[in-house]
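I have placed the structure first, in the form of structure tokens, so that the comments after it can refer back to it.
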Amino acid sequence: MREQLKLLEELQKHDARLQEIEGQLKTLPEKLDSLRRNLAKVEKMLQAEQDNLAQVEKWRREQEAQLRQEEEQIVKAKTKLAAVKTSKEYMASQREVENTRKAVAEREVEVLKLLEAIEQSKKSIEAHAVDVNALRAEVEQEEAVINGRIAELQSQADALRGERDAFITEIRPDVLRRYNHIRMRRGLAIVAVTDGVCQGCHMAIPPQLYNILQRRNSLELCPTCYRIIYWDKMMDDDSAREEAPAAPAATAAPAAPTAVENDASPASADAATAAATSEHKVA
Ligand SMILES: [Zn+2]
């Protein structure tokens, strides 16, 4: 049973590490997504600025075309002015020239304002383009880092799964079932008992159970938190010492379900476990 408990402890370490890795594998792409969303947002803002600039430039071209037309109008009006016969005609042509000149002057002010606005807009776009490029570079770099980390974690997970697959076959199916069942509900499925105290729920276990635990030949559950428990000193023993006390323990306590120790068949293992179930043990 000591070997089974050690395997369970090992399994639990692997499962905890795998769970941690899976959690990281889930959050890492989320971090990248958030960076990408930020980049998309500033790219969109820059695009809006560029679109706006294009609109203003189009308006400026229209105003300049209008200006040229009005200047031509002045030239024509002046020619007409030279050819007028009556003072009434002269006055009318004179007024036309004046009005067009006024329109030209106003439009020139307008075009100047547009040129200023265009200048400012270009500067702002330039600065924002620098920011966007810097952010894009940052995202690409982060993407490389995160992808590297993901690959690293995936290979770690693969290695852990490989190890897990290798030793899980040595765990008795009934023991494994119990482990999975407890782990699903309580996270930690197997815990040490130190100085008679369960390290899962920090409650003292009955002295009688503590004695049984130290014999290391049965699968016991904490009567408070129902986790699989083992005597903490057990894990410190080297394997050479394990073989020696196993036999005397069997003779010294014939009632104890020592059969589970060396039995590989699930059916008789279950029977043995059932035999051990007389008290608070395997439920
Ligand atoms: Zn407990």
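Remarks
- Net +/- balance of residues flanking GLN94 in space, Cβ distance below 12 Å, scoring K and R +1, D and E -1: +2
- Counting only lysines at least 8 places from LYS233 when in the same chain, those with an alpha carbon closer than 21 Å to its own are LYS6, LYS13, LYS281.
- The reciprocal of the average 1/r between distinct C-alpha atoms defines the Kirkwood hydrodynamic radius, which for region 167-206 equals 11.3 Å.
- Relative to the current alpha-carbon distance between ARG161 and GLN24, full extension at 0.36 nm per residue lengthens the span by 47.7 nm.
- Each of ILE74, ILE205 was scored by other Cβ atoms within 10 Å of its Cβ. Listed from fewest to most, they are ILE74, ILE205.
- Convex hull per residue volume in Å³, alpha carbons only, for region 26-147: 82 Å³
- Inter-centroid distance (Cα atoms) of region 10-36 relative to region 180-227, Å: 29 Å
- Across all Cα pairs in region 93-189, the calculated P(r) in 10 Å bins from zero up to the longest distance comes to 12, 14, 14, 11, 10, 9, 8, 7, 6, 5, 2, 0 percent per bin.
- Region 157-236 - Debye-derived log10 I(q)/I(0), Cα point model, q = 0.16, 0.27 Å⁻¹: -0.64, -1.27
- Fewest-first ordering of ILE118, ILE228 by other beta carbons within 10 Å of each residue's beta carbon gives ILE118, ILE228.
- Where Rh is the Kirkwood radius over Cα pairs, Rg/Rh for region 71-143: 1.55
None of the figures in this text is laboratory data; all of them are computed from the coordinates on show. As the structure is a computational prediction, the values presented were derived from the model and not from experiment. A quick note on method: Cβ atoms are made from the backbone with ideal geometry, for glycine too, and the neighbour counts reach across all protein chains shown.
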